[in-house]
1. Solvent-accessible area of Leu217, probe 1.4 Å, all protein chains present, reported in Å² to the nearest ten, please.
2. Are there any trypsin sites (Lys or Arg not before Pro) in the stretch 23-123 that are in a DSSP loop and have at most 15 other Cβ atoms within 10 Å? List them by number.
3. Whole-Hz ³J(HN,Hα) for each residue in the stretch 20-25, computed from phi via Karplus 6.51 cos²θ - 1.76 cosθ + 1.60 with θ = phi - 60°, x for glycine and proline: what do you get?
4. In nm, to one decimal, how far is the Asp64 label point from the Leu101 one, both placed 7 Å along Cα→Cβ?
5. Cross-link partners among aspartates and glutamates for Lys151, C-alpha distance below 16 Å, same-chain residues fewer than 8 apart left out?
6. Which lysines have a Cα lying under 23 Å from the Cα of Lys198, excluding residues fewer than 8 positions away in the same chain?
Amino acid sequence: QVIGGGEGRADGCLDYVVLNAGVGQLRPSSLTKHDITEQIFQLNTLAPIALTQILLERGALREDRGRHLVITSSVAAKMGVPLSASYAASKHALHGYYNSLKAELPWLRVDLICPGSTDTEFHRSHVGGSGQTVMTNQQNDSPNIRRKFLKMSTSRCCSLLVSSMTMRNKQGGEYWIAEHPVLLGLYVNQLFPGLFQKTLAKIGPLRVKAWEQGLDLYDPQTWKQV
């Protein structure tokens, strides 16, 4: 989805643009074929970059008018994610491009929104997955059942995203939107990367094992089973 504001303006500029399309991945790196990685990069990385370049070339974003880009990234842009290596790489690349672009064009506000796991259909349509993972949290609409899973509600995520967009920050920024323990992991990775890597090295094999057994990767009970 490409969402633009101010589409009726006579000068052809956009007040803001939200680049929100993306695809996920749930599969070990050793089992992910190169064409799958290419598909992920095409949608997650190359598509928003191409759209941004078109908008800049056509003057839809310029210093005296429209100058606000909102990019839906992921917490995977900030850390390694077992079972999602290609996905994480595509989001890391996204940050590299837009942080460099901001340095070249200081007048352009770029918000990099980094959601964690959110209660949507996202992982049901992931690329290159086994299709075996049981998504039990989407099979029961009870709030009490949903609360125990490691996902943020869609409404909460959207509310925080909009709040980030409306903050008075001329240069934009990077916004982490996640539940604990993912949010805690982001801070640990930022401040103590060596410690975080040691922790991730223990979590990774367990997550792969859970995937192989077809268990719900977002249910805390899964970790007890594996």
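1. 10
2. Hits after loop and neighbour filter: Lys33, Arg58, Arg65.
3. Result, rounded to whole Hz: 10, 5, x, 9, x, 8.
4. 2.3
5. Partners found: Asp119, Glu121, Asp141, Glu179, Asp216, Asp219.
6. Here the lysines satisfying the reach criterion relative to Lys198 are Lys78, Lys91, Lys209, Lys224.
The values are calculated or read from the model by the stated rules, or taken from the named source; none is laboratory data. Predicted model only: the values in this text are computed from it and were never measured. Glycine also receives a Cβ, built like all others from the backbone with ideal geometry; neighbour counts cover every protein chain displayed. Only protein heavy atoms, including side chains, enter the accessible area calculation; ligands, DNA and RNA are left aside. Shrake-Rupley method; radii C 1.70, N 1.55, O 1.52, S 1.80 Å.
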